Amino acid sequence: MTTLHTIELLPAPLVTHRRIERLRALWISVGAIGLCLSGTALGVIHGVVLSGGVPGVAELARTEAELERLRNESASIRADAERIAVGGRLGIRMSQRPDWGLVLAMLESLRGEGVVLVAVSCATEDGADGLPGGRARIIVEGLAESQGAAQRYLLDVERCGMFSSARLGRTVRADAPSRVLTAFTVDLQIAPETSDAG
């Protein structure tokens, strides 16, 4: 049995150069395919994010914008409430009827981080003589990050001294798209001022 040996007739530098060229061509094609795939993946991700295809991205952006707007409003309302407070203990208790704008501004200014007021309803009762000047009842409905945040809001409302009574009503779990919140109500009373004769 005879063994055949291959003999390279091309010079060694030319053979080496051809091998390098083949490897270079292979790596260029692999690199081009990789670039195409990564560009396609990046385009798909970019398209999904911009089109709002990822659940919650557009809603999160809207919520953040609304939160920033509410924070700015809250800061101006707090400044107004502080300016009003300088003139005397807010003058909320009046001999006739409460100034509802002042009451609402104070309720908002007492709201801390993690609390959003959803609704406020106000009602007055006439006095014993049928004239205005009876008790006023206010129901505040809101959402808080936790039950503790709702209780802190109630304590802040009690400390302000405007209301003759303040109590936390119901607190229930409220599921939001991205987290769990606590829905709460606060029941407030404003008693009429009594004139101290004597």
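The values are calculated or read from the model by the stated rules, or taken from the named source; none is laboratory data. Quick caveat: nothing in here was measured; it's all calculated off a predicted structure. Cβ atoms come from the backbone with ideal geometry, glycine included; neighbour counts cover every protein chain shown.
A few remarks follow.
- Leading residue by the ranking (nearest to Val103 (Cα to Cα)) among those in region 161-183 that are touching a helix residue (DSSP H, G or I) at 6+ places or on another chain (Cβ under 6 Å) and either surrounded by fewer than 19 Cβ atoms within 10 Å (Cβ to Cβ) or among the small types (Gly, Ala, Ser) (or both): Ala166
- In the set (1) in a helix (DSSP H, G or I); (2) within 30 Å of Leu188 (Cα to Cα); (3) modelled with pLDDT under 75, Arg97 fails one condition alone, (1).
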